[in-house]
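Laboratory data are not the source of any read-out in this text; all were calculated from the coordinates shown. Values in this document were obtained by computation on a predicted structure and should not be read as measured data. Every residue, glycine among them, receives a Cβ derived from its backbone with ideal geometry; neighbour counts consider all protein chains shown.
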Amino acid sequence: MAGSNRSSPLLPGRACGDCTMCCKVLGIDALEKPLGKWCAHCSIGAGCRIYDRRPQECRDYFCAYLTWAEVAEAWRPMKSKIVLDFDPTGQALRAHVDPGRPDAWKAEPYYSQLKRWASGSRSGEFLVVVLIDSRAIVILPDRDIDLGSMAPDETIATERRPVPGGTAIYHAYKTKIA
């Protein structure tokens with residue numbers, strides 16, 4: 001399953017309940033489940049039919065809606081069609097979007113919040129990335145950069161680029177994993 005979270009304790013009052021969106025948008029290596037397709041073991045809107053035997057990567061996964069207090073109720077994945085999490089390094093907030101609703105991240109209040117989170121990152125050290133299947137879009141304070149499809153051996157890098165007037169802007173690009 002793609003990624004994990006900064007922490008795993010659930011926030012008071014938050015639970016998966018009838019939400020199964022992670023069972024669609026994330027890939028699950030142990031089950032050879034691709035990105036953007038419903039897991040064969042998911043009972044949509046009800047839960048996992050192999051819950052007691054589910055892979056460890058499923059057991060270990062908690063989306064940011066469940067664990068990060070900054071995520072409002074509007075971000076509940078079955079409602080927003082977006083599953084938020086952090087990459088394993090904690091350096092990127094990822095918004096995994098339901099490919100059946102690929103523009104969900106552009107709707108409000110989601111887009112404005114993604115921009116605020118991108119603006120709150122310091123020195124380009126914290127990325128906000130929208131993922132629709134293998135397509136990656138980096139959200140920067142001043143623009144969005146569509147990187148297209150990401151191969152399994154690629155990652156996202158950023159750099160500061162000078163602009164006339166002595167300031168600098170951040171740029172994002174794909175690079176091979178070292």
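Each of the peptides 155-161, 139-145 was scored by the mean count of other Cβ atoms within 10 Å over its residues; in descending order, highest first, they stand as 139-145, 155-161. Among the cysteines of the chain, those whose beta-carbon sits 4.7 Å or more from every other cysteine beta-carbon are C16, C19, C22, C48, C58, C63. Other residues with beta-carbon under 15 Å from the beta-carbon of E57 carry, at +1 per Lys or Arg and -1 per Asp or Glu, a net charge of -1. Based on DSSP H segments of at least four residues, each scored -39500 (n - 2.57), the chain has a per-residue ellipticity at 222 nm of -3000 deg cm²/dmol.
Summing Cβ point charges (Lys, Arg +1; Asp, Glu -1) relative to the Cα centre of the chain gives a dipole of roughly 200 debye. Among the listed pairs K79/K115; K24/K106; K115/K176, which have their C-alpha atoms separated by more than 24 angstrom in this model? Distance filter (> 24 Å) returns K115/K176. Within the chain, the proportion of C-alpha pairs whose separation exceeds 23 Å stands at 40%.
Here the contact order of the stretch 63-176, divided by its residue count and restricted to Cα pairs under 8 Å and six or more residues apart, works out to 16 percent. Applying 1/(1 + (r/R0)^6) with r as the Cβ-Cβ distance of R49 and E73 and R0 = 22 angstrom yields a FRET efficiency of 0.20. Across the stretch 1-139, C-alpha contacts under 8 Å between residues 6 or more apart give a mean separation that, scaled by the residue count, equals a relative contact order of 24 percent. Quick one: angle between helix 110-120 and the longest Cα principal axis of the chain, in degrees between 0 and 90, rounded to 10, please. Taking the Cα atoms of the chain, the angle to 110-120 is about 50 degrees. Each of Y61, Y173 has some number of other Cβ atoms within 10 Å of its Cβ, and from fewest to most they run Y173, Y61. Counting only Cα atoms, the stretch 95-178 measures 43, 34, 18 Å along its principal axes, largest extent leading.
For the peptides 52-58, 37-43, the ranking by packing is 37-43, 52-58, with the highest mean count of neighbouring Cβ atoms within 10 Å listed first.
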